[in-house]
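Please treat every number below as a calculation from the coordinates, not as lab data. Since the model is a prediction, treat every value here as computed from it, not as a measurement. Heads up, the Cβs are rebuilt from the backbone with ideal geometry, glycines too, and the neighbour counts pull from every protein chain shown.
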Ligand code: TMP
């Protein structure tokens with residue numbers, strides 16, 4: 001595979017979408033083929049699975065069902081979109097990937113990292129992001145501010161403790177995988193965050209002779 005696989009992670013409301021758009025433009029302007037995608041989603045089948053997962057009427061969904069649905073959406077997304085784009089020499093920017101399942105299902109739901117990695121082995125095979133940006137935003141600065149809104153999805157409706165475990169989980173993962181996961185303070189300005197991301201990408205591309 002000759003392309004570059006970039007993922008963006010973070011707690012809900014950390015500003016991933018804005019940064020993905022800016023990075024996409026930056027890379028396209030440099031002449032690269034860029035595919036922007038998201039999880040859960042990114043293919044018609046995976047988007048249907050997404051609707052089931054986040055539907056707040058599905059309150060009875062068990063943790064294992066949820067974890068398997070995320071993995072199923074990821075399996076389709078990986079084989080239908082990510083791998084073909086990388087094989088075509090493109091750059092893939094995914095809004096969330098496997099780290100989300102490790103953090104949300106493994107840590108925050110308490111299912112454990114081993115189980116989540118085991119399930120997801122079928123979905124991702126050997127594929128791993130070349131670089132991951134964790135936009136670090138404490139729950140009280142992000143998702144918990146959204147609590148007053150009425151249109152929250154099933155995951156966003158979780159209690160404060162859940163979002164804190166998600167945050168702690170990301171911090172833990174990023175410490176363990178320092179080389180891959182770059183931590184960026186999501187309270188910085190949009191421009192500052194973009195500049196940090198670009199600096200890391202330029203460095204990685206230089207290293208990989210892209
Ligand atoms: P989004 O709002 O960033 O599109 O993601 C939808 C929700 O799904 C978000 O609350 C994070 C959650 N999620 C998981 O719990 N596990 C996963 O594997 C992924 C990809 C997302």
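Round to a whole angstrom and tell me the spacing of the C-alpha centers of the stretch 19-82 and the stretch 142-209.
17 Å
With the crude spin-label approximation of a point 7 Å out along Cα→Cβ, what separation in nm comes out for residue 189 versus residue 152?
My value for the distance between the label points is 3.2 nm.
What relative contact order, as a whole-number percentage, does the chain give when Cα pairs under 8 Å and 6 or more residues apart are counted? Numbers along the way, then the final one.
Working: 308 pairs, mean separation 65.6, N = 210.
Dividing the mean separation by the residue count of the chain yields 31 percent.
Taking Cα atoms, how many degrees apart are the long axis of helix 44-54 and the longest axis of the chain, rounded to 10 and kept between 0 and 90?
40 degrees
So what is the 222 nm mean residue ellipticity for the chain from helices alone, if each DSSP H run of at least 4 adds -39500 (n - 2.57) and you divide by all residues, rounding to the nearest 500 deg cm²/dmol? Walk me through the intermediate numbers first.
Details: 8 runs with 96 residues, N = 210.
Rounded to the nearest 500, the figure is -14000 deg cm²/dmol.
Could you give the length gained by full extension between residue 52 and residue 160, i.e. 0.36 nm per residue of separation minus their alpha carbon distance, to one decimal place?
On the way: separation 108, 0.36 × 108 = 38.88 nm, distance 2.28 nm.
Length gained, residue 52 through residue 160: 36.6 nm.
Got a sec? How would 99, 29, 51, 12 order by Cβ neighbour count within 10 Å, fewest to most?
Values: 99 24, 29 8, 51 12, 12 19.
Ascending number of Cβ neighbours within 10 Å: 29, 51, 12, 99.
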